[in-house]
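A.B. asks: Attaching a single structure in structure tokens format; questions to follow.
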Amino acid sequence: MRTLPATRSPLTWQARIGLLARQFVHAREASIFVLLAVVTLAVWLQAPRFLSVANIRGIFLAIALLLVLAVGETVVLLGRNFDLSIGSTVGLSAMVAGLVFKGDAGISEILVFVIAVTVGAAVGITNGLLITYLRVPSIVLTLGMLYLVSGITYIVAHGNQVNPYNVPSGFVSLSITSPIDGIPWIVIIAFAFAAIMGAALRWTRHGRSLYALGSNPEAAQLRGLPARRLVIATFALSGAAAGIGGAIYLSQYGLVQIDAGSGLELQAITATIVGGVSVFGGSGTILGAAAACILLGAITNGIAVLGYSPFLQDTVFGGLLVIAVVANSVSRKIDLARSLVRPELKS
């Protein structure tokens, strides 16, 4: 008796929509680059100087700090958490580094860079420990840390500020000089950091474990993944990224006031979510976050080049963030519906 080959039943409309949604999510990076090309073309047609070497250099110089913070925020979001303290941590790291220079102008610039990163990592580890051991929601804890770290910055500075003449020219030159013509050191540092972290998330066991934890924390713990250590590590890395950002801030601006870094956390979260990192954890890439940083930088620069009000930037950024969050939420609900209707299609 010959057995008839099994035939696959046609997909339901929910499953078809779910497949399309997943394809959209996987193509998020490509869609950002397409949007970047559209923005670039639109601005260039009205202002050809937009694609000049000097202007492109300015765009990448402007997004170096944002990129570093977005990388740190990406790692935290992948584990289903938020870090709202990175902006104030940038300010504290920059202030401490500047005060070290102010106290000893001859100190090693590499040592000061390390000090800034250490200060940031210390804040991040504190966040991670409090969140994991006290089981405090990360968005609430880090919001409190935002204000606490800002207060510490004021105390450390004694109400004073770091002035450009307090920062050695060698440290300032990180934003000017470069081993590659036209690409300053801080841009190279930012993109190298992003590349290293992107490779680590994709190719290392800890990176895969973080995706698993963010996708399903309960299942990840049942499989024996060190959830607590992973969460602490993500916040430590986010804090260290903010420390690197503090060093970049000091190199770029020289002037560090007690409100330095204010609002940077919102920009970093916007870039991360627009770049395709899920607010529900377990999904997204450093490449997407980096592409979004370039897109936001191009939009900011384009608005300035075309002479529009800088307030338009907030409108555009807010619109992109809302679209990204809605798309993320809809995709998640569709995936859930697919898993209920056709369990075999669940990834």
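The values are calculated or read from the model by the stated rules, or taken from the named source; none is laboratory data. Quantities reported herein were computed from a predicted structural model and do not represent experimental measurements. Reconstructed Cβ throughout: ideal geometry from the backbone, glycine too, with neighbour counts over all protein chains shown. Side chains included, ligands, DNA and RNA excluded: accessible areas come from the protein's heavy atoms. Shrake-Rupley method; radii C 1.70, N 1.55, O 1.52, S 1.80 Å.
A.B. asks: In this structure, is Thr300 open to solvent by 10 Å² or more (accessible area, probe 1.4 Å), closer than 13 Å to Glu73 by Cβ and assigned to a helix (DSSP H, G or I)?
C.D. replies: no
A.B. asks: To continue, here is another question. Are there any pairs, at least 6 apart or on different chains, whose C-beta atoms fall under 9 Å, with the first in the range 157-177 and among the small types (Gly, Ala, Ser) and the second not in a helix (DSSP H, G or I), and if so, which?
C.D. replies: Ala157/Val256; Ala157/Gln257; Ala157/Ile258; Gly159/Ile258; Ser173/Pro184; Ser175/Pro184
A.B. asks: Further, regarding this structure: Take the residues of the range 192-215 that are of a type in the set (A, V, I, L, M, F, W, C) and open to solvent by less than 20 Å² (accessible area, probe 1.4 Å): which is modelled with the highest pLDDT? Can you show your working first?
C.D. replies: Going through the range 192-215, the residues of a type in the set (A, V, I, L, M, F, W, C) turn out to be 192-197, 199-201, 203, 210, 212-213.
Remaining after also requiring open to solvent by less than 20 Å² (accessible area, probe 1.4 Å): 194, 201, 210, 213.
Values: Ala194: 97, Leu201: 94, Leu210: 93, Leu213: 90.
My answer is Ala194.
A.B. asks: Okay, next question. Would you be able to tell me the number of residues in the range 165-191 that are over 17 Å from Ser93 (Cβ atoms), open to solvent by less than 70 Å² (accessible area, probe 1.4 Å) and assigned to a helix (DSSP H, G or I)?
C.D. replies: Total meeting the criteria: 5.
A.B. asks: Do we find that Leu237 is touching a residue at least 40 places away in the same chain (Cβ under 8 Å), in contact with a strand residue (DSSP E or B) (Cβ under 8 Å, 6 or more places away or on another chain) and open to solvent by 20 Å² or more (accessible area, probe 1.4 Å) in this structure?
C.D. replies: Answer is no for this residue.
A.B. asks: Here are Arg228, Arg208: which of them is assigned to a helix (DSSP H, G or I) and more than 21 Å from Gly120 (Cα to Cα)?
C.D. replies: Details: Arg228 fails: more than 21 Å from Gly120 (Cα to Cα).
So the residue among Arg228, Arg208 that is assigned to a helix (DSSP H, G or I) and more than 21 Å from Gly120 (Cα to Cα) is Arg208.
A.B. asks: Are any of the residues in the range 74-96 small (Gly, Ala, Ser) and surrounded by fewer than 19 Cβ atoms within 10 Å (Cβ to Cβ)?
C.D. replies: Scanning the range 74-96 turns up no residue that is small (Gly, Ala, Ser) and surrounded by fewer than 19 Cβ atoms within 10 Å (Cβ to Cβ).
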